[in-house]
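See below for the structure under consideration.
The values are calculated or read from the model by the stated rules, or taken from the named source; none is laboratory data. Remember, predicted model here, so these are calculated numbers, not experimental data. Here the Cβ positions follow ideal geometry from the backbone for every residue, glycine too, while neighbour counts run over all protein chains shown.
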Amino acid sequence: MKKDKTKVNIAVFVSGNGTNLQALIDAQKCGKIPSAQIKLVVSNNKNAFALCRAENENIPVLIAPRKIDDFEKEVLPRLAEFDIDLIVLAGFMSILSADFVNKYKNRIINIHPSLIPQFCGKGFYGLKVHQAVLSSGQKTTGATVHYVNEITDGGEIILQKEVEVSSGDTPQSLQEKVMREAEWIILAQATEMVAQRILREAKL
Ligand code: GRF
């Protein structure tokens, strides 16, 4: 099929529940991501609920092996086949190789549930991040969307949003609050920003 040159083609990589994928789908439906379209959802977990969310919207899905070498070997040709310009990691629980990242330099973004450079890098994922924030006694946390490079959570920051920590918060309540008040909002905003950048560059 001929490529629509007014829109960036996105593949969303997921591993779990997929609420961030849902936020992207919803934002796309109500016109908040006019410069891009979700063309493919890739999961390294065949049981991820995110896959149901994609199927409900008739978005093609690809289930790939968990082992990262096999995952990348299987996924790369499919990304080419779907003419993917931008990869959004939305709760994708594996670390991509430097080789893969370099093939999509400045074309992979990730959502992380803290204000990078705090509570990020190896070992900081899921509830562990929020547990660490609570143990530190910090009064604010938040989320970050950043470019992906070969350093875990180390690429250039695109957007951040702060969230207040309350005295009664548990790791679970904080996770939910960070998702609702920050992740779902800035992931859609950053996706549109990066898509606009890619379209601008393509016209140069
Ligand atoms: C989110 O907190 C995201 O920041 C992190 O993993 C979680 C995934 O949630 N990387 P979901 O699958 O999008 O619901």
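Against the condition buried (at least 20 other Cβ atoms within 10 Å of the Cβ), under 29 Å from residue 124 (Cβ atoms), out of contact with any Lys or Arg (no Cβ under 8 Å at 6 or more places or on another chain) and in contact (Cβ under 8 Å) with a residue 60 or more places away in the chain, how does residue 23 come out, does it pass?
Yes; evaluated as a whole, the condition is true for this residue.
Please list, ordered by first then second residue, the pairs with beta carbon atoms under 8 Å, 6 or more apart or interchain, first in the range 81-96 and on the phi > 0 side of the Ramachandran plot, second modelled with pLDDT under 95.
83/3
Here is a list: 178, 145, 133. Which entry is surrounded by 20 or more Cβ atoms within 10 Å (Cβ to Cβ), more than 12 Å from the ligand (Cβ to nearest atom) and not small (Gly, Ala, Ser)?
133
So residue 44 passes all but one of these: (1) within 10 Å of the ligand (Cβ to nearest atom); (2) polar (S, T, N, Q); (3) crowded, with 18+ Cβ neighbours inside 10 Å. Which condition number does it fail?
(1)
Which condition number in (1) under 26 Å from residue 6 (Cβ atoms); (2) touching a Ser or Thr at 6+ places or on another chain (Cβ under 8 Å); (3) without any contact (Cβ under 8 Å) to a residue 24 or more places away in the chain is the one that residue 31 fails?
Status for residue 31: all satisfied but (2).
Given the conditions (1) more than 11 Å from the ligand (Cβ to nearest atom); (2) surrounded by 14 or more Cβ atoms within 10 Å (Cβ to Cβ); (3) of a type in the set (Ser, Thr, Tyr); (4) outside any helix (DSSP H, G or I), report the number of the one that residue 167 does not fulfil.
(2)
Starting from residues that are farther than 17 Å from residue 16 by Cα and of a type in the set (Val, Ile, Thr), keep the ones in the range 84-103 and report whichever is farthest from the ligand (Cβ to nearest atom).
Top of the filtered list is 84.
Among 58, 106, which is free of Cβ contacts under 8 Å to residues at least 24 places away in the same chain and either under 19 Å from residue 144 (Cβ atoms) or more than 16 Å from the ligand (Cβ to nearest atom) (or both)?
One residue alone meets the criteria, 58.
I need every pair where a residue in the range 151-179 that is free of Cβ contacts under 8 Å to residues at least 24 places away in the same chain and hydrophobic (A, V, I, L, M, F, W, C) has its Cβ under 8 Å from the Cβ of a residue that is within 12 Å of the ligand (Cβ to nearest atom) and in a strand (DSSP E or B), sequence separation at least 6 or different chains.
What qualifies is 163/141; 163/142; 163/143.
Name the residues in the range 109-129 that are more than 24 Å from residue 71 (Cα to Cα), hydrophobic (A, V, I, L, M, F, W, C), near the ligand (Cβ under 10 Å from one of its atoms) and crowded, with 20+ Cβ neighbours inside 10 Å, would you?
Once the filter is applied, which keeps residues that are more than 24 Å from residue 71 (Cα to Cα), hydrophobic (A, V, I, L, M, F, W, C), near the ligand (Cβ under 10 Å from one of its atoms) and crowded, with 20+ Cβ neighbours inside 10 Å, the range 109-129 yields only 129.
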